[in-house]
Number of protein chains: 2
Amino acid sequence: MTIKRPYNFAPGPAALPEPVLEKASQEMLSWRGSGMSVMEMTHRGPLFADIHDRAIADLKSLLGLGSDHEVLFMQGGATAQNAIVPMNLLAQNVKADYVHTGHWSAKSIAEAKKYGDVHVVASAEAEQSDAASFGYVPPVEQWQPRADAAYLHICGNETIGGVEYHQWPDMNSLGLGSLPLVVDMSSHILSRPMNFDSLALAYGGAQKNIGPSGLTFVILKRSLIEEHAPKALPICPSVFDYRKVLENNSLLNTPSTFAIYIAGLVFEWLKDQGGVEAMGQVNATKAGLVYDLIDQSSFYSSRVRKANRSFMNIPFFLPDDRLYEPFLKGAQAEGLLNLKGHKAVGGLRASLYNAMPLEGVEALVAYMRRFEKEQG
Amino acid sequence: MTIKRPYNFAPGPAALPEPVLEKASQEMLSWRGSGMSVMEMTHRGPLFADIHDRAIADLKSLLGLGSDHEVLFMQGGATAQNAIVPMNLLAQNVKADYVHTGHWSAKSIAEAKKYGDVHVVASAEAEQSDAASFGYVPPVEQWQPRADAAYLHICGNETIGGVEYHQWPDMNSLGLGSLPLVVDMSSHILSRPMNFDSLALAYGGAQKNIGPSGLTFVILKRSLIEEHAPKALPICPSVFDYRKVLENNSLLNTPSTFAIYIAGLVFEWLKDQGGVEAMGQVNATKAGLVYDLIDQSSFYSSRVRKANRSFMNIPFFLPDDRLYEPFLKGAQAEGLLNLKGHKAVGGLRASLYNAMPLEGVEALVAYMRRFEKEQG
């Protein structure tokens, strides 16, 4: 089967690896000779149990998780987790600290305020003239978290602003080694090796680097819910209580079975590619191609400080607002899709998740050079 | 492509129509020449908007909804709705009334107690010796709902007990015409014509009669949230606030895009079959075949009163516990799968959702006759 597929730079749901789609297509009417689609399998039966357990084991192995970290599959996306995190962690201690680095941090902060005493320990907003466009991570030395907070929340990668933590804040350097660190990891999980040892909880929607939308991953330390927060708030829906989901191996209710299956195929593909080490190298190369062009050009511009530039989502701008429409039209004509920036920041954005091949980025960069020559 | 597919009597996730799976397989790498899988489409773009809007319009049309009823697509399944319903409807009036007809009612009742003053207006439990096996719907004349409750909740079809409301309780006959009626419709939506005029809200997981798991449907009257309950409880997560989901046409956050696409294919298939009128006839025939055999036999037995027997889920029993294993083994050998009853009631259960063809039920009945002859 040869189908011409364009390069899809969408921020999520986003491109998936072609071999994953091919396998899903082949197995749609009969998974491994079972005569059943994965969608038709009861979630309590041995066939699905195999798919489910393997997906969790592969994700743990890809991320290099230790035995104290658990993987949960839930529903509702990161937006639901913005409520589910505080509902789970604020029963005994209502203090929640947040770092504000842009659009998604702001959403997490606003939602958490429903459930506790929220303190913004640092914000990139004040020093920025354009409030919609947060361009950096405030230096950790300037953070002022409360030592007695239930947790400290950061957004690991701001998908809209294109701001990424390339390493986790060193909580020990703040004298806060025991303050649980919670990370919204929606848009950069599995994009490179990451150290999970210092993370109490990481969550996100699957629809960027993992698979289809409708699936949420939660990675948490057992000690977080056993020692720090043994109970959820009484108003936490049972189905969103981490302790109950964990006890039931994410089968408390019917999970997103097909999405878990696709996620499992993506994990297998990632292993074939060489895991997160290999992806980290390819992703650095891909992002480097675009950032180098931007930095060498006086036509294209980035608003993000170099040290905090995202390798997954690259927002960039043209010198004249009238050029956006022809840029997008020309890109579309060459099979380079979904390059429009989010309405909150405008401009353009290229999302370069794991499934975006190097050739796609080379095609984008070639187009950008040509467009600059024609219009610059 | 000819694949031998068994007959899958699972309670959900359950069998899907083969033409739906075939189409999904064909379109997996390129939806209608777009070069993209539906899973790869941004949920804010025109391609997915078309799929999404058509699925909602087709569901409205299949159900014959009036202009005052809206369809929402959410996540978390009926189990999440057990919390989401009271979180949405109890802000101004904490009284919630429930009818208890079995396993799923019990779950709804237990969850609602977290959010309000819950009153069980009628229960099938007391008169039943076997507490796990509720066998009927308490007569409406015996219900004692509170006229000033925020809503009255029923489970339209108890998937485990096999107890179904074949018509909605006549609230006017109780002098309670303005009490909003809320129905858990997970396991019998679209199974036959239903009158939605008297329903304020219906919800359920998609994984029985609609499509893959990971998708929740909510059907509600605008007047319910505009007049009766204009605000949600302050602790209701934004993403589960019906008003916000409705304002955003179910695109408040990234929805289960692929599951919505499959649901849309199922709706198209249903229209091709003649809609809910035709399904209602086929489903009555299918269920009749099994119930007739049970009633004519002294070998098989049903524990559900005739007037309340479910057309979707038929639990039945053998005269000797030692016969279950050979029954299930023999069935499996003939490609009749997932006939084991739920552990809460034991025995056997045949789920006959829309996608189960008449031939599958004929094969089941033939096997049942043969098994009775051999073992009876």
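The values are calculated or read from the model by the stated rules, or taken from the named source; none is laboratory data. Worth saying up front: this structure is predicted, and the values here are computed from it rather than measured. Methodologically, a virtual Cβ is constructed for each residue, glycine included, from the backbone with ideal geometry; neighbour enumeration extends over all protein chains shown. The area values use the complete protein model at the heavy-atom level, side chains included, leaving out ligands, DNA and RNA. Shrake-Rupley method; radii C 1.70, N 1.55, O 1.52, S 1.80 Å.
Do you know which residues across region A:132-160 are among the charged types (D, E, K, R) and buried (at least 21 other Cβ atoms within 10 Å of the Cβ)?
Correct list: A:GLU158 only.
Just to be sure I understand the filter: pairs with C-beta atoms under 6 Å, separated by 6 or more residues or on different chains, first member in region B:161-172 and farther than 22 Å from B:GLY341 by Cβ and open to solvent by 20 Å² or more (accessible area, probe 1.4 Å), second member part of a loop (DSSP other than H, G, I, E, B) and modelled with pLDDT under 95. Which pairs pass?
B:TRP168/B:SER198
Quick check on region A:328-356: of everything there that is in contact (Cβ under 8 Å) with a residue 24 or more places away in the chain and assigned to a strand (DSSP E or B), which residue is nearest to A:PRO11 (Cα to Cα)?
Per the criteria, the residue is A:SER351.
Go through region B:24-47 and give me each residue that's within 21 Å of A:ALA263 (Cα to Cα), more than 7 Å from chain A (Cβ to nearest Cβ) and either part of a loop (DSSP other than H, G, I, E, B) or not β-branched (Val, Ile, Thr) (or both).
Selection gives B:GLN26, B:GLU27, B:TRP31.
Out of all the residues in region B:226-259, which are in a helix (DSSP H, G or I), of a type in the set (S, T, N, Q) and without any contact (Cβ under 8 Å) to a residue 24 or more places away in the chain?
Correct list: B:SER238 only.
Only residues that are in a strand (DSSP E or B) and within 14 Å of chain A (Cβ to nearest Cβ): list them for region B:55-112, please.
Across region B:55-112, the qualifying residues are B:LEU72, B:PHE73, B:MET74.
Out of the residues in region B:307-351 that are within 14 Å of chain A (Cβ to nearest Cβ) and among the small types (Gly, Ala, Ser), which is farthest from B:ASN209 (Cα to Cα)?
B:ALA333
Does region A:211-232 contain at least one residue that is of a type outside the set (Gly, Ala, Ser), open to solvent by 10 Å² or more (accessible area, probe 1.4 Å), modelled with pLDDT of 95 or more and closer than 23 Å to A:HIS100 by Cβ?
no
Limited to region B:360-371, what total is found for residues that are open to solvent by 50 Å² or more (accessible area, probe 1.4 Å) and in contact (Cβ under 8 Å) with a residue 40 or more places away in the chain?
So the count comes out to 2.
Can you confirm whether A:PHE316 is of a type in the set (Phe, Trp, Tyr) and not in a loop (DSSP other than H, G, I, E, B)?
Yes, satisfied.
Would you mind stating whether B:ILE84 is open to solvent by less than 10 Å² (accessible area, probe 1.4 Å), in contact with a helix residue (DSSP H, G or I) (Cβ under 9 Å, 6 or more places away or on another chain) and over 20 Å from B:LYS306 (Cα atoms)?
Yes, satisfied.
Just checking, does region A:27-35 include any residue being within 21 Å of A:PHE217 (Cβ to Cβ) and open to solvent by less than 20 Å² (accessible area, probe 1.4 Å)?
Looking through region A:27-35, none of the residues is within 21 Å of A:PHE217 (Cβ to Cβ) and open to solvent by less than 20 Å² (accessible area, probe 1.4 Å).
Residue by residue through region A:170-207, note down the ones that are of a type in the set (Gly, Ala, Ser), modelled with pLDDT under 90 and not in a loop (DSSP other than H, G, I, E, B).
Result: A:SER173, single match.
Before we move on, is B:SER297 at pLDDT 95 or above, hydroxyl-bearing (Ser, Thr, Tyr) and either exposed (fewer than 13 other Cβ atoms within 10 Å of the Cβ) or more than 25 Å from B:GLN167 (Cβ to Cβ) (or both)?
yes
Among the listed residues A:LEU339, A:LEU328, A:LEU348, which satisfies the condition of being within 22 Å of B:HIS43 (Cα to Cα) and touching a Gly at 6+ places or on another chain (Cβ under 6 Å)?
A:LEU348
Condition check: open to solvent by less than 10 Å² (accessible area, probe 1.4 Å), facing another protein chain (nearest Cβ under 7 Å) and either β-branched (Val, Ile, Thr) or touching a strand residue (DSSP E or B) at 6+ places or on another chain (Cβ under 9 Å) (or both). Does A:ALA14 satisfy that?
Criteria met by A:ALA14.
Tell me which of these A:ALA122 doesn't satisfy, since it passes every other one: (1) assigned to a loop (DSSP other than H, G, I, E, B); (2) farther than 27 Å from A:VAL266 by Cβ.
Unmet condition: (1).
Of the conditions (1) farther than 23 Å from A:LEU179 by Cα; (2) more than 14 Å from chain B (Cβ to nearest Cβ); (3) crowded, with 19+ Cβ neighbours inside 10 Å, A:GLU125 clears all except one; give me its number.
The single condition A:GLU125 does not satisfy is (3).
Residues of region B:132-169 being outside any loop (DSSP other than H, G, I, E, B) and out of contact with any Gly (no Cβ under 9 Å at 6 or more places or on another chain), which ones?
Hits for region B:132-169 are B:VAL140, B:GLU141, B:GLN142, B:TYR151, B:LEU152, B:HIS153, B:ILE154, B:ASN157.
Looking at (1) open to solvent by less than 20 Å² (accessible area, probe 1.4 Å); (2) within 14 Å of chain A (Cβ to nearest Cβ); (3) part of a helix (DSSP H, G or I), find the lone condition where B:LEU270 falls short.
All conditions are met except number (2).
Conditions tested, residue by residue: (1) over 28 Å from B:THR42 (Cβ atoms); (2) in a loop (DSSP other than H, G, I, E, B); (3) within 14 Å of another protein chain (Cβ to nearest Cβ); (4) under 20 Å from the mean Cα position of the chain (by Cα).
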position: B:GLY211; (1), (2), (3), (4): no, yes, yes, yes
position: B:LEU224; (1), (2), (3), (4): yes, no, no, no
position: B:TYR261; (1), (2), (3), (4): no, no, yes, yes
position: B:PHE299; (1), (2), (3), (4): yes, yes, no, no
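Only one residue in B:SER238, B:SER250, B:SER256 is among the hydroxyl-bearing types (Ser, Thr, Tyr) and open to solvent by 10 Å² or more (accessible area, probe 1.4 Å), so which one is that?
B:SER238
For region B:303-321, does any single residue satisfy the condition of being surrounded by fewer than 18 Cβ atoms within 10 Å (Cβ to Cβ), modelled with pLDDT of 95 or more and in contact with a helix residue (DSSP H, G or I) (Cβ under 6 Å, 6 or more places away or on another chain)?
no
Which members of region A:165-209 meet the condition of being of a type in the set (Gly, Ala, Ser) and within 14 Å of chain B (Cβ to nearest Cβ)?
Within region A:165-209, A:SER186, A:SER187, A:GLY204, A:GLY205, A:ALA206 meet the criteria.
Looking at B:SER129, B:SER108, B:SER133, B:SER123 in this structure, which one is modelled with pLDDT of 95 or more and either farther than 30 Å from B:TYR261 by Cβ or of a type in the set (Ser, Thr, Tyr) (or both)?
The match here is B:SER108.
Return only the number of the condition from (1) crowded, with 24+ Cβ neighbours inside 10 Å; (2) farther than 22 Å from A:ASP148 by Cα that A:MET194 does not satisfy.
With (1) crowded, with 24+ Cβ neighbours inside 10 Å; (2) farther than 22 Å from A:ASP148 by Cα applied to A:MET194, the lone miss is (1).
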